[in-house]
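Have a look at the structure below, then the notes.
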Amino acid sequence: MREGYERYCQTVQTPEGVVQVKGPASLETLSNLTMDSGLRAFRPPNRQKEALMEICQLEFGSVVIAVRNGELLGYVTFHPPDSFERWSQGPKEVLELGAIEVAPTVRGTGIARRLLEVAFANPEMENFLVLATEYYWHWDLEGKGLHIWEYRELMRQLMAHVGMVVKDTDEEEIASHPANMLTVRYGKHVSQEAVLAFEALLFERPDSFRG
């Protein structure tokens, strides 16, 4: 995943100028960027930049970025599941869409969709089963002026844009609130054996609801 840095690129026109959406980003590229101060959904911007630099160095890590004039305005990350997560017990083909975030100043310009389009333009992604966990406590409900269920539908549509579908699960954090969501995309080259091994992880409690 680390070879061929920034092979894929799109541009987005915003009122303040053109934003380049490109990836996978190299460590050198990320280290030379400044972070928009609004990128704080997961941690303070300087710490998030450090996290992005760590992810891009992982064997199966990948970061796609949105940049304008040397400033990072958005990103989406991919990495293997953390060892403490249920999904790490699955097949080696499992890859987690760890985070997607766009700076408030450029939201509503289509950058989030472009980030995902550029990420999945990489044919290597067809070798992976990609999952994304959405938790309502990370959502900027106030900034978007949306009800929690409206925001959930927004995220569902965003993920569906690249072929990710909602899956029911009894995983504790996802099941802790009905607005939380697991979405999954099976790459074209993922074996049926790997799919079945992953789906066996969706429910661990026999009495769990299965939709």
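Just so it is clear, none of the values below were taken in a lab; they were calculated from the coordinates. What you see is a predicted model; the values in this text were computed from it and never measured. Positions of Cβ are backbone-derived with ideal geometry, glycine not excepted, and every protein chain shown enters the neighbour counts.
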The chain, relative contact order [Cα under 8 Å, separation at least 6], %: 18
The chain, helix-only ellipticity at 222 nm - DSSP H runs n ≥ 4, -39,500 (n - 2.57), divided by all residues, nearest 500: -7000 deg cm²/dmol
Cβ-based exposure ranking for D82, D36, D140, in which fewest neighbours within 10 Å come first: D82, D140, D36
Sites matching trypsin sites (Lys or Arg not before Pro) across the range 62-95 that sit in DSSP coil, with at most 15 neighbouring C-beta atoms within 10 Å: K92
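What relative contact order, as a whole-number percentage, does the range 91-152 give when Cα pairs under 8 Å and 6 or more residues apart are counted? Spell out each step's value before the answer.
On the way: 32 pairs, mean separation 26.5, N = 62.
43 percent.
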Neighbour cut-off at most 11 other Cβ (10 Å), DSSP loop, GluC sites (Glu not before Pro), the range 40-106: E59
Within a Gaussian network of the chain (alpha carbon springs, distance under 10 Å), most fluctuating of Q20, Q192, Q89: Q192
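Please identify every one of the chymotrypsin sites (Phe, Trp or Tyr not before Pro) in the range 109-211 that sits in a loop by DSSP and has no more than 14 other beta carbons within 10 Å of its own beta carbon.
On the way: sites: F120, F128, Y135, Y136, W137, W139, W149, Y151, Y186, F198, F203, F209; in loops: F128, Y135, W139, F203, F209.
Answer in residue order: Y135, F209.
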For L97, L73, L201, order by how many other beta-carbon atoms lie within 10 Å, fewest first: L201, L97, L73
Sorted by Cβ neighbour density within 10 Å, fewest at the top, the residues T105, T11: T11, T105
